[in-house]
Amino acid sequence: MTDFTTTRGDGGETHQQASGDADVLTTNHGVPVSDNQNSLRAGARGPTLLEDFVLREKIFHFDHERIPERIVHARGSGAHGVFEATADISDLTRAAVFTPGEKTEVFVRFSTVAGGAGSVDTPRDVRGFAVKFYTREGNWDLVGNNIPVFFIQDAIKFPDLVHAVKMEADRAYPQAGSAHDTFWDWASLMPESTHMLMWAMSDRTLPRSFRTMEGFGVHTFKLVNEAGEAQFVKFHWKPKAGLQSTIWDEALKLQAADNDYQRRDLWEAIDTGAFPQWDLGIQVFDEEFARAQPYDVQDATKLIPEDDVPVRIVGTLTLNRNPDNFFAETEQVAFLPTNIVPGIDFSNDPLLQGRLFSYLDTQKSRLGTTNFHQIPINAPRCPFANFQRDGMMQTMVPKGRANYEPNSLTAHGEDGGPRESPTRGFVTVNATTGDDEQGDKLRVRAELFADHYSQARLFFRSQTESEQAHIASSFVFELSKVGLEQVPARMVANLRNVDEDLARRVADGLNIDLPDASPAARAPVDMAPSDALSIHKNMKATLEGRSVGILYADGSDAATLDRVIADVTGAGAKAVLVAPKIGGATLSDGSKRKADGQLAGTPSQIFDAVALVLSDDGAAMLTKEAAAVQFVMDAFGHLKAIGATDAAAPLLDKAGVEPDDGVTALDDAFVDAAARRFYDREPGVRMLA
Ligand code: HDE
């Protein structure tokens, strides 16, 4: 059987060898190359010859290096890791991946949605959170986002959503952002998107790092146990580092400072052994619960409040290895919601049902062949075998005559190939929804899908005051970028169904009259606010995995500098030394200390907190350096802790820093403050809606 399934012409290793194994540079066909600098010409100044197969192969391969980028989620970063099951849920599911203690290899890809592959990491956008579990019963792909709900209820609207949000069809801008006419034109005409818009306009779409965001399976799925009994389930990834987002001004400035901010953060965290971790949680509920809710659990624009169904932790994901090759792994990884394993099943969510078709189709077009499952990053780690054969880029060499079934070859001494297994195989769970799965053919939606506002209201009312102000201000910002006159008022009319105060603040911020509320297809109901929906209520005061920028200059006290470095690294943070010149500065004791970053290229937005270790002369000099003043001004404006020597006072003054709990001396108070953000400071530094 093994021969039948896994034999490759080369013993299965060719793909690993692409570089490195041979000492001598060769062509793709193994011919040693003598000269990789000069093409073959007729005379030193003559034309290049067609005969030059080395040149032709090299250029030809280069010409074909790109594949179509993903239509959505084109910009992404990936990492390898392991999922360890920690709870016994065998009463709920027979999935091997949930056997307590079982460790399953995974590959995870995080992404933005709207921008192209070469776009930036920090626009206001939803983040993809796609996990491929290479389980011993086949690959399970949980292809989710960092927001638990979605813009639309039915797959048939997806192309419209994506066309509206991506760069506009004629002018090909803007790149990677929703603050433009076509998106808001569409969104304001789609009341079902309102709940998702609330999340999208919150700081959820400005995660500080992939490591500090939640992930969600979004759709309702099913867990199926050995007896074939099914329950509904929602999947949640909870970051061990707690939630942390940036604020809008910080995100904009991050984009200016580092296009690859989140990709770099993920890479460096893994590279330095600070492995990102998430707990996997499940919300499990039955048909009876589902039927009792004021929303439909199969509607992807709705969530199940954690207060109603608590999240139960069943395992931990650890990302512990960076890819060896971005293209081979992160670009070629093909996630398929149809990759499901025995013990897990789909629900009838009409968005999920559409996805089940889309992803297989898109991978074939993106990766060019129906055999994309053989690419190492996509291949199951367990044996796999069937009678599918041939096709473009077939790399396996199935042996024997059996490429059909049934056959009687095994009984007659030949290898007849694999057979179906009613006991081990995936069995679609018997529908428990009775009449729901029978009836007339209709283009309709279920009744409760018509409630577009209750959960948008739930979300808004679950936020802190500061978070509410950020949401209102984001609506104002985005709608202020819209040139189509009819759109902002139409959006505010929808918001009146969510929350009157929110609608009024957005109208004020736009300086337009408050429009009449739009007619709601179904009157919203009030739901009890839920702390789980707030970022601020789920942050962790910690320096673990964070970074502190330490600004110093000529004359800085060496002992103080060393102490601050020791303090912040002792608390788990990365200390990054920033000086006016990359070669460093000469300290008080005459020693020279090299910098990690030059001031002009290492602004404070890339840090979680900053320390100013400056002498009188150093501070006086830096008050005349715009980059230093901006460094401090932005740290303050981005609500971060600032620790400073007394001598740094003139620089703090110049930057307009007002004393508060987040502005400290360089002692224990700084280490404590650096682990937090000071949202209370914000009303003093910017006008929010
Ligand atoms: Fe996707 N989506 N999607 N999506 N999606 C893709 O598949 C699609 C949806 C999500 O890192 C595409 O390989 C349809 C919801 C992630 O490689 C494509 C519909 C959610 C990723 C596609 C949805 C997602 C994708 C583009 C509506 C959250 C990136 C390239 C029915 C639960 C995966 C590709 C990665 C990628 C189609 C809706 C998440 C075109 C038709 C809802 C994280 O197949």
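The values are calculated or read from the model by the stated rules, or taken from the named source; none is laboratory data. Values in this document were obtained by computation on a predicted structure and should not be read as measured data. So basically every Cβ, Gly included, is an ideal-geometry build from the backbone, and we count neighbours across all protein chains shown.
Residue count for the range 87-110 satisfying the condition of being hydroxyl-bearing (Ser, Thr, Tyr), in a loop (DSSP other than H, G, I, E, B) and more than 20 Å from residue 285 (Cα to Cα): 1. Against the criterion of being touching a Lys or Arg at 6+ places or on another chain (Cβ under 6 Å) and assigned by TED's automatic domain parsing to the domain that holds residue 270, residue 117 qualifies.
The number of residues in the range 53-75 being within 16 Å of the ligand (Cβ to nearest atom), in contact (Cβ under 8 Å) with a residue 24 or more places away in the chain and either surrounded by fewer than 21 Cβ atoms within 10 Å (Cβ to Cβ) or more than 20 Å from residue 278 (Cβ to Cβ) (or both) comes to 8. Residue under question is residue 437, and the condition is that it be modelled with pLDDT under 95 and over 17 Å from residue 301 (Cβ atoms); does it hold? Yes: the conditions hold for residue 437.
Just give me the residues in the range 120-134 being under 23 Å from residue 175 (Cα atoms) and in contact with a helix residue (DSSP H, G or I) (Cβ under 9 Å, 6 or more places away or on another chain), in sequence order.
Within the range 120-134, 120, 121, 122, 123, 124, 125, 126, 127, 129 qualify.
Just to verify a result, which residue in the range 494-518, among those that are touching a residue at least 60 places away in the same chain (Cβ under 8 Å) and part of a helix (DSSP H, G or I), is surrounded by the fewest Cβ atoms within 10 Å (Cβ to Cβ)? So the residue we want is 508. If you go through the range 195-248 and keep only what is within 28 Å of residue 468 (Cβ to Cβ), within 16 Å of the ligand (Cβ to nearest atom) and of a type in the set (Val, Ile, Thr), you end up with 205, 218. The sole residue among 100, 159 that is within 12 Å of the ligand (Cβ to nearest atom) and either more than 28 Å from residue 246 (Cα to Cα) or buried (at least 21 other Cβ atoms within 10 Å of the Cβ) (or both) is 159. Look at residue 613 and say whether it is farther than 30 Å from residue 477 by Cβ, crowded, with 17+ Cβ neighbours inside 10 Å and in contact with a helix residue (DSSP H, G or I) (Cβ under 6 Å, 6 or more places away or on another chain). Yes. Consider residue 458 carefully, then state whether it is free of Cβ contacts under 8 Å to residues at least 60 places away in the same chain, among the hydrophobic types (A, V, I, L, M, F, W, C) and under 25 Å from residue 247 (Cβ atoms). When the stated conditions are applied, residue 458 does not pass them.
Filtered by the rule that a residue be buried (at least 19 other Cβ atoms within 10 Å of the Cβ) and either more than 8 Å from the ligand (Cβ to nearest atom) or not in a strand (DSSP E or B) (or both), the range 139-156 gives 139, 140, 141, 142, 146, 147, 148, 149, 150, 151, 152, 153. Report yes if some residue within the range 332-339 is among the aliphatic types (A, V, I, L, M), more than 13 Å from the ligand (Cβ to nearest atom) and in contact (Cβ under 8 Å) with a residue 40 or more places away in the chain; otherwise report no. No, the range 332-339 contains no residue that is among the aliphatic types (A, V, I, L, M), more than 13 Å from the ligand (Cβ to nearest atom) and in contact (Cβ under 8 Å) with a residue 40 or more places away in the chain. Exactly one residue out of 111, 119, 90 is near the ligand (Cβ under 9 Å from one of its atoms), hydroxyl-bearing (Ser, Thr, Tyr) and modelled with pLDDT of 95 or more: that is 111. Residue pairs whose Cβ atoms lie under 6 Å apart, sitting 6 or more positions apart in sequence or on different chains, and linking a residue in the range 531-552 that is in a helix (DSSP H, G or I) to a partner that is not acidic (Asp, Glu), are 531/537; 533/459; 533/462; 536/464; 538/243.
Can you say whether residue 96 is in the same structural domain as residue 286 (by TED's automatic domain parsing) and farther than 30 Å from residue 203 by Cβ, as far as the supplied structure shows? In short, yes. Within the range 377-393, work out how many residues are surrounded by fewer than 17 Cβ atoms within 10 Å (Cβ to Cβ) and within 16 Å of the ligand (Cβ to nearest atom). Count: 0. Answer with yes or no whether residue 189 is closer than 21 Å to residue 452 by Cβ, in contact with a helix residue (DSSP H, G or I) (Cβ under 9 Å, 6 or more places away or on another chain) and within 16 Å of the ligand (Cβ to nearest atom). Taking the combined requirement at face value, the residue does not satisfy it. Screening residue 368 with (1) within 16 Å of the ligand (Cβ to nearest atom); (2) within 28 Å of residue 149 (Cβ to Cβ); (3) of a type outside the set (D, E, K, R) gives one miss only, at (2).
Here are the criteria: (1) surrounded by fewer than 24 Cβ atoms within 10 Å (Cβ to Cβ); (2) within 20 Å of residue 267 (Cα to Cα). Tell me which single one residue 124 does not satisfy. Among (1) surrounded by fewer than 24 Cβ atoms within 10 Å (Cβ to Cβ); (2) within 20 Å of residue 267 (Cα to Cα), residue 124 violates only (2). Do we have any residue at all in the range 317-327 that's farther than 26 Å from residue 94 by Cβ, aromatic (Phe, Trp, Tyr) and either more than 15 Å from the ligand (Cβ to nearest atom) or assigned by TED's automatic domain parsing to the domain that holds residue 200 (or both)? Yes: one or more hits. Can you find even one residue in the range 122-132 that is outside any strand (DSSP E or B), within 16 Å of the chain's Cα centre (by Cα), within 9 Å of the ligand (Cβ to nearest atom) and hydrophobic (A, V, I, L, M, F, W, C)? Yes - at least one qualifying residue is present in the range 122-132.
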